[in-house]
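**Student:** This structure is in structure tokens; I'll ask about it shortly.
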Amino acid sequence: MVIGVIGTGYVGLVTGACLAEVGEKVLCGDRDDLKISQLQSGEISIHEPGLLSMVQENLDSGDLEFTADLVDLVQRADIIFIAVGTPQNRNGSANISNVLEVAGLIGREVSEGKVIVTKSTVPVGTSEKIRETIEKSSDAEFHLCSNPEFLREGSAVYDFMNPDRVILGVDSDYSEACLRHLYAPIVKNTDHILIMDLPSAEMTKYAANAMLATRISFINSIAALCRKKNADIEMVSRGVGTDNRIGESYLNPGAGYGGSCFSKDIRALVNMMADEDLDPSIFSTVEEVNERQKALLYQKVVERLGKNLTGKKIAIWGLSFKPDTDDMRAAPSLVTIEALLEHAGSLAAHDPKAIQEARKRFGTRIEFSENQYEILSDASALVVHTEWDCYRHADFEIVKSRMKEPIVIDGRGLYDRDWLCKQGFEYYSLASSSTN
Ligand SMILES: NC(=O)c1ccc[n+]([C@@H]2O[C@H](COP(=O)([O-])OP(=O)(O)OC[C@H]3O[C@@H](n4cnc5c(N)ncnc54)[C@H](O)[C@@H]3O)[C@@H](O)[C@H]2O)c1
């Protein structure tokens, strides 16, 4: 059996590499010729732990191939994964034109018995649109499956190989059997494969992301009240999360969620509900709370140093939206950087992996360094955006010796307030009870 994967971004590349790793013959394709030629020579343009070596080893063994010839891919593959981007339209709805473009191509080239699997996050009902699109140009019998992806950037390979569950929306016993067979080496406990109809599988992805985002906005709202009432949000969060009915994950207060998925998917969900004349306010509020949260670090800088930042240098630790990735899409750091640049502050930034990405966005408007301490010289404040380990274990003697004013504004609650204050720092944290 040959597995085809169309779209070699975070999801497609991880899917292709992991399926090759468990012994499948995998052909990955993309319309981006440059990306494909880099992949063919064993280079990947994203940082994801374990991915580079997995790609290189499976390229060498011949289990993984990359191609820009999507027609050939569709003709050769027995199971075709669609893993292309589904960006946001201006009105917040999901743009499925890439998915339908691929469906059109499949329709022109498909032969009898192929299984078409949607991995991209798509609005409920998209599978039927894919079916209609393929049927416009083909009479061949094919099978559809919706297999939404739940991997987290930063641990994508691990998550793909160790899923909590695999969601399979299917339209036939045949597509169920094929996908069960494909996932068998990955999901050893068959109870962890949940079979459902296509719309339910599509919906599950949105519901899961909405729940996770809701938890983050929920705890950030509780944290705001804790700051006013002098309650300790860390203790409150633990007290809440240790209730088995609730659980501890996604209850860390901070500078808000970022990344390519949460905001985009919540806005698409709001759109789907509004289209059905349902009240989407619970989800629109989650987004509004998050947007306000993203602005808090910048507001703290201004509150502390004044609106006119001319002549003042602010240092930023962490640019990616979370650790172990170089992805800056919708990162809270972008909000801080854009606002500070507008107020004429001079900015210096460090990130273990995302400097290249940040340079593409900001060019020379920010001073970058590969050394996290170098950017602190003469800084009036240090803003910590991402919980990379190198910041968690920073040497604050060096930090203090370099900074002009020892002010630390922490968006992730990395430091012990008492200890840092004893070292002579003024400390503000979005994850602590008081503001300094
Ligand atoms: N990134 C994540 O953490 C994540 C997790 C779960 C689900 N998803 C969903 O998976 C999908 C892909 O996300 P991603 O982060 O991998 O996106 P991405 O932007 O990293 O990659 C998408 C790839 O698809 C290619 N592409 C777009 N249109 C194409 C076409 N018509 N033909 C061939 N190739 C095409 C692009 O060139 C790009 O390489 C999205 O729907 C996203 O919402 C993403």
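Nothing in this text is a laboratory measurement; each read-out follows from the coordinates by a stated rule. Note that this is a predicted model, so its numbers are computed, not measured. With ideal geometry, Cβ positions are generated from the backbone for all residues, glycine too; neighbour counts draw on all protein chains shown.
**Student:** Could you state the angle between the C-alpha long axis of helix 332-342 and the longest principal axis of the C-alpha atoms of the chain, as a value from 0 to 90 degrees rounded to the nearest 10?
**Tutor:** 50 degrees
**Student:** If Lys and Arg each add +1 and Asp and Glu each add -1, what is the summed charge of the other residues whose beta carbon sits under 11 Å from the beta carbon of residue 6?
**Tutor:** Summing Lys and Arg as +1 and Asp and Glu as -1 gives 0.
**Student:** Once both axes come from the Cα atoms, what is the angle between helix 198-229 and the longest principal axis of the chain, in degrees from 0 to 90, rounded to 10?
**Tutor:** 10 degrees
**Student:** Structure shown: which of 313/422; 322/404; 353/400 lie over 26 Å apart, alpha-carbon to alpha-carbon?
**Tutor:** 322/404
**Student:** Which of 195, 82, 409 moves most in a GNM of the chain, Cα contacts under 10 Å?
**Tutor:** Ranking 195, 82, 409 by mean-square fluctuation puts 195 first.
**Student:** Something else now. Given a 10 angstrom Cα cut-off, can you work out which residue in 204, 242, 336 is the most mobile in a GNM of the chain?
**Tutor:** 242
**Student:** Determine the relative contact order of the chain: mean sequence separation of Cα pairs under 8 Å and six or more apart, normalised by residue count, in whole percent. Mind showing how you got there, number by number?
**Tutor:** Working: 868 pairs, mean separation 50.5, N = 436.
Reported relative contact order: 12 percent.
**Student:** Hey, another quick one. Once Lys and Arg get +1 and Asp and Glu get -1 on their Cβ, which of 249, 194, 236 lies farthest toward the positive end of the dipole of segment 171-264?
**Tutor:** With unit charges placed on the Cβ atoms, the residue in question is 236.
**Student:** For segment 246-258, what does the Karplus curve 6.51 cos²θ - 1.76 cosθ + 1.60, with θ = phi - 60°, yield as ³J(HN,Hα) per residue in whole Hz, taken in order and with x for Gly and Pro?
**Tutor:** Calculated HN-Hα couplings, in order: 10, x, 8, 6, 6, 10, 9, x, x, 7, x, 8, x Hz.
**Student:** Mean residue ellipticity at 222 nm from the helices of the chain, using -39,500 (n - 2.57) per DSSP H segment of n ≥ 4 over the full residue count, to the nearest 500 deg cm²/dmol?
**Tutor:** -13500 deg cm²/dmol
**Student:** Would you mind calculating the gained length between residue 303 and residue 207 on full extension (0.36 nm times residue separation, minus the Cα-Cα distance), in nm to one decimal?
**Tutor:** Between residue 303 and residue 207, full extension yields 30.8 nm more.
**Student:** Working only with C-alpha atoms, what are the Rg and Dmax values of segment 1-44, expressed in angstrom?
**Tutor:** In order Rg, Dmax, the Cα atoms of segment 1-44 give 9.9, 28 Å.
**Student:** Any chance you could get the radius of gyration and Dmax over the Cα atoms of segment 1-142, in Å?
**Tutor:** When restricted to Cα atoms, segment 1-142 yields Rg and Dmax of 14.9, 46 Å.
**Student:** In terms of Cα to Cα distance under 15 Å, which aspartates and glutamates are near enough to residue 25, apart from those fewer than 8 places away along the same chain?
**Tutor:** 57, 60, 63, 65, 72, 78
**Student:** Pop out the ³J(HN,Hα) list for segment 42-53 in order, Karplus 6.51 cos²θ - 1.76 cosθ + 1.60 with θ = phi - 60°, rounded to Hz; leave Gly and Pro as x.
**Tutor:** After applying 6.51 cos²θ - 1.76 cosθ + 1.60, I find x, 10, 10, 9, 10, 9, 8, x, x, 6, 4, 5 Hz.
**Student:** Give me, ordered by chain and number, the residues 5 or more places off residue 383 or on other chains with an amide H under 5 Å from its own placed amide H.
**Tutor:** Long-range HN contacts for residue 383: 315, 316, 317, 409.
**Student:** Helix 97-109 versus the longest principal axis of the chain: what is the Cα-based angle in degrees, 0 to 90, to the nearest 10?
**Tutor:** Between helix and principal axis, roughly 20 degrees.
**Student:** State the Cα centre-to-centre distance between segment 289-316 and segment 113-135 in whole Å.
**Tutor:** 45 Å
**Student:** Taking a threshold of 32 Å on the Cα-Cα distance, which of the pairs 129/294; 119/300; 205/294 fall above it? All intermediate terms of the calculation are to be shown ahead of the outcome.
**Tutor:** Numbers: 129/294 36 Å; 119/300 40 Å; 205/294 24 Å.
Exceeds cut-off: 129/294; 119/300.
**Student:** So for 396, 262, fewest C-beta neighbours within 10 Å to most, what's the order?
**Tutor:** 396, 262
**Student:** Oh, and also: Taking only Cα atoms and a 10 Å spring cutoff, compute GNM fluctuations for the chain and point out the largest among 161, 328, 235.
**Tutor:** 235
**Student:** Hey, got the dipole for the chain? About the Cα centre, +1 on K and R Cβ, -1 on D and E Cβ, debye to the nearest 20?
**Tutor:** Numbers: 45 positive and 65 negative charges, 405 e Å.
Charge dipole, the chain, about its Cα centre: 1940 debye, nearest 20.
**Student:** For the pair residue 238/residue 276, report the inter-label distance in nm, with labels modelled 7 Å from Cα in the Cβ direction.
**Tutor:** Distance between label points: 4.1 nm.
**Student:** Counting DSSP beta bridges in the chain, what percent are antiparallel, to the nearest 5?
**Tutor:** Bridges in the chain that DSSP calls antiparallel: roughly 5 percent.
**Student:** Now, a different point. Can you work out ³J(HN,Hα) from phi for every residue in segment 85-90, in order, using Karplus 6.51 cos²θ - 1.76 cosθ + 1.60 and θ = phi - 60°, giving whole Hz and x for Gly and Pro?
**Tutor:** x, 10, x, 8, 6, 3
**Student:** By counting other Cβ atoms within 10 Å of each Cβ, how are 317, 419, 388 ranked from fewest to most?
**Tutor:** Placing the least packed residue first, the sequence is 419, 388, 317.
**Student:** Another one. May I ask for log10 I(q)/I(0) of the chain at q = 0.06, 0.12, 0.13 Å⁻¹, from a Debye sum over the Cα atoms as equal point scatterers with solvent left out?
**Tutor:** -0.29, -1.04, -1.17
**Student:** Going by how many other Cβ atoms sit within 10 Å of their own, how do 143, 343 line up, fewest first?
**Tutor:** The fewest-first ordering by Cβ neighbours comes to 343, 143.
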